[in-house]
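Remarks on the structure that follows.
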């Protein structure tokens with residue numbers, strides 16, 4: 001039987017997010033930190049211009065505050081906090097430059113990648129120095145009986161997994177409530193698994209659940225605030241870190257299938273466009289825009305992707 005203390009971090013982070021968002025949103029309005037919409041994006045998104053962005057600051061602040069309090073007696077939480085906050089800070093820089101310069105492009109690609117590599121290096125070093133056993137990862141659909149000891153390959157594996165997950169989360173943040181809802185379901189998967197395994201990272205999963213539930217109140221269609229790169233990059237960092245701390249980074253392909261689909265759709269679209277000198281496979285990428293332009297309402301796309309994530313998380317449990 002679960003102790004009520006397990007749910008306390010979720011409750012506290014939910015309450016803090018619900019309190020802070022109504023305070024922070026008017027400040028963003030006053031500072032004219034409104035969303036820029038790409039000219040080549042769907043026409044239906046033009047109405048989103050001016051909607052406050054950088055709401056991820058609230059998410060990041062709540063997650064960090066509650067996380068640090070919980071981590072005072074549970075050091076396993078620090079790698080999760082590090083990767084979440086580290087990527088959230090990169091997203092903050094990106095968002096701030098966009099808003100300060102009044103343009104749709106923030107950090108240059110090489111700047112963003114360079115910062116992401118630095119954060120990932122610190123995360124990999126922290127794991128190898130303090131939790132070397134995490135280099136042994138569980139292989140899906142083996143009942144936990146097959147474990148890969150990556151050894152020297154662990155570091156490059158961390159880079160591919162973390163950067164792929166973070167950028168997948170970033171591409172997923174394109175519709176009202178989409179990244180929030182998808183990641184909320186993934187966080188619930190982590191919470192159930194970590195509680196069952198008796199892992200302390202259940203606290204960070206619970207904190208993220210509470211934070212996302214609170215933020216979803218203001219981020220669901222029609223959104224009153226967007227999370228921006230501050231939020232989406234932080235979410236990707238959280239998912240990657242939580243998976244590594246539970247020895248299940250290979251499961252990200254399953255439970256975060258939407259992240260994978262989003263980033264693959266962009267890669268396929270760009271590659272095909274270049275190879276065929278202008279032809280496209282999708283009406284628009286990332287793939288959620290393809291569904292929009294195919295006649296699906298924005299809310300239906302979000303619901304559909306959420307249902308897919310629930311199904312994939314069930315498959316994730318079967319794969320354990």
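The values are calculated or read from the model by the stated rules, or taken from the named source; none is laboratory data. Since this is a predicted model, take the numbers as computed values, not measurements. Counting neighbours? That spans all protein chains shown, and the Cβs are built from the backbone with ideal geometry, glycine included.
Please enumerate the residues belonging to segment 275-304 that are in contact (Cβ under 8 Å) with a residue 60 or more places away in the chain, part of a helix (DSSP H, G or I) and buried (at least 18 other Cβ atoms within 10 Å of the Cβ). If the condition is that a residue be in contact (Cβ under 8 Å) with a residue 60 or more places away in the chain, part of a helix (DSSP H, G or I) and buried (at least 18 other Cβ atoms within 10 Å of the Cβ), then 288, 289, 292, 298, 301, 302 are the ones that fit.
Given the structure, is residue 251 free of Cβ contacts under 8 Å to residues at least 60 places away in the same chain, touching a helix residue (DSSP H, G or I) at 6+ places or on another chain (Cβ under 7 Å), part of a helix (DSSP H, G or I) and buried (at least 24 other Cβ atoms within 10 Å of the Cβ)? Spelling it out, it is not the case that residue 251 is free of Cβ contacts under 8 Å to residues at least 60 places away in the same chain, touching a helix residue (DSSP H, G or I) at 6+ places or on another chain (Cβ under 7 Å), part of a helix (DSSP H, G or I) and buried (at least 24 other Cβ atoms within 10 Å of the Cβ). Among residues of segment 209-226 being over 17 Å from the mean Cα position of the chain (by Cα) and at pLDDT 95 or above, the one that is surrounded by the fewest Cβ atoms within 10 Å (Cβ to Cβ) is 217. Restricting 141, 154 to those that are modelled with pLDDT of 90 or more, surrounded by fewer than 22 Cβ atoms within 10 Å (Cβ to Cβ), in contact with a helix residue (DSSP H, G or I) (Cβ under 7 Å, 6 or more places away or on another chain) and on the phi > 0 side of the Ramachandran plot reduces the list to 141. Taken residue by residue, segment 116-135 has no member that is within 27 Å of residue 62 (Cβ to Cβ), surrounded by fewer than 21 Cβ atoms within 10 Å (Cβ to Cβ), modelled with pLDDT under 90 and in contact with a helix residue (DSSP H, G or I) (Cβ under 9 Å, 6 or more places away or on another chain). Farther than 19 Å from residue 87 by Cβ, more than 14 Å from the chain's Cα centre (by Cα) and assigned to a helix (DSSP H, G or I): does that describe residue 307? Here the answer is yes, as residue 307 does meet what is asked. Annotation note: of 193, 212, the sole residue that is assigned to a helix (DSSP H, G or I) and touching a helix residue (DSSP H, G or I) at 6+ places or on another chain (Cβ under 7 Å) is 212. Evaluation of residue 271 against the conditions (1) free of Cβ contacts under 8 Å to residues at least 40 places away in the same chain; (2) assigned to a helix (DSSP H, G or I); (3) within 21 Å of residue 312 (Cβ to Cβ) shows that the sole unmet condition is (3).
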